[in-house]
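These notes are about the structure you will find just below.
The values are calculated or read from the model by the stated rules, or taken from the named source; none is laboratory data. On a predicted model such as this, the values are computed, not experimentally measured, just so you know. Because the Cβ atoms are built from the backbone with ideal geometry, glycine has one as well, and the counts that use them run over all protein chains shown.
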Amino acid sequence: MIIQLVTKAILQRVEERNNMSTIKKYKPNKLKMILRGLLIIIGGFIAAYGLEAVLIPNNVSDGGVTGISIVGSQLFGIPLGVLIAVINIPFVWLGYRQIGKSFAIYSIIGIASLAISTSLMHHIPTIIEGDTLLVTVVGGIILGFGMGLALRNGGALDGIDMLAVLLSRKLPFGTSDLILFLNMFVFIFVSTVFGLQGAILSAIAYFIASKVIHIVEEGLSGSKTFKIITTEPELMVETIRDRLGRSATYNEVYGGYSHQKFKEITCVINRLEESKIKEIINEIDEAAFITVYDVAEVKGGSFRKHNIN
């Protein structure tokens, strides 16, 4: 018995050493890391431009820690960049402890970029004045693009973003939805300086920004996964391949009531092909059971655009 325990302990040690050696052999791609860092810096620069050239001069605030910093800057005369850097410190620590070292480092880069950029752009000319609708739309798009670029590359420009990323891992909601929800409380605070109208305009601008974040973070492809259970699986796959140029895979499934075995077809398409694949399904089997899922990103394999016949 003792020999077996000792042998087991030795084997565990050997396995641990092998795993450690495998981990040590892994080296992150430095070029990719640098590129991601540069994209996060660019995201911070873009977001700062949206704030200083569009939103703040028109008494429209941002959300999150940046929004709180804008209010604090207006009330106490402290430079906006300083407040952004200081107030975000506990959120960076939270990101480091709960999400990971690389996320915290990239977020520090993004926050520093935003803080420095707002200081450098503080006196740049305002590109839009007076038109509240145009201010909220243009400002929200620019701000959302910058923040989405940072999130897509593994960082964040705002502590609320970090909190939202953390919560999205524990709750069934997307990052952009959680950012919008958390900012509702921020806009109540914003109303103390910019008034109710300013808070409402800020909320509209940030709603637009959240949608842009979603697009930038998850991509524009709008890919979808179709899962199809049909009595004509071979004909269905052949027709999809011939007319859409898309491949498909089979899974064996069993009916919970009938206990009958079926071939479930799985096929990933882009948004331009959705109506065509539905047309094909209806032509072959009107009674086919279909489930459709949104896909954030597709990589690898032979997934690329084909001509639709």
Filter pass, Phe76 being aromatic (Phe, Trp, Tyr) and over 12 Å from Leu157 (Cβ atoms): yes
Any hit, the range 192-210, residues being part of a helix (DSSP H, G or I), at pLDDT below 85 and under 13 Å from the mean Cα position of the chain (by Cα): yes
Unmet criterion (only one of (1) on the phi > 0 side of the Ramachandran plot; (2) in a helix (DSSP H, G or I); (3) not small (Gly, Ala, Ser)) for His259: (2)
Failed condition for Val138, given (1) more than 25 Å from the chain's Cα centre (by Cα); (2) buried (at least 18 other Cβ atoms within 10 Å of the Cβ): (1)
Qualifying residues in the range 267-289 (those that are in a strand (DSSP E or B) and under 10 Å from Thr225 (Cα atoms)) - the one modelled with the lowest pLDDT: Ile269
Residues (farther than 23 Å from Asp294 by Cα and either free of Cβ contacts under 8 Å to residues at least 12 places away in the same chain or in a strand (DSSP E or B) (or both)) located in the range 237-256: Glu238, Tyr254, Gly255, Gly256
Subset of the range 224-257 that is among the polar types (S, T, N, Q) and surrounded by fewer than 19 Cβ atoms within 10 Å (Cβ to Cβ) - its residue that is farthest from Lys278 (Cα to Cα): Asn251
Residue ranges of helices (runs of 4 or more DSSP H) in the range 38-139 with at least 1 members modelled with pLDDT of 90 or more, within 24 Å of Ser191 (Cα to Cα) and in the same structural domain as Asn183 (by TED's automatic domain parsing): 64-76, 80-87, 101-120
Subset of the range 158-191 that is among the acidic types (Asp, Glu) and modelled with pLDDT of 75 or more - its residue that is surrounded by the most Cβ atoms within 10 Å (Cβ to Cβ): Asp158
Within the range 72-97, tally of residues that are more than 23 Å from Met33 (Cβ to Cβ), touching a residue at least 24 places away in the same chain (Cβ under 8 Å) and surrounded by 19 or more Cβ atoms within 10 Å (Cβ to Cβ): 3
Contacts under 7 angstrom Cβ, first residue in the range 272-295 being closer than 13 Å to Arg243 by Cα, partner among the aromatic types (Phe, Trp, Tyr), 6 or more apart: Ile277/Phe226
Options Gly155, Gly100: the member that is surrounded by fewer than 17 Cβ atoms within 10 Å (Cβ to Cβ) and closer than 19 Å to Met33 by Cα: Gly100
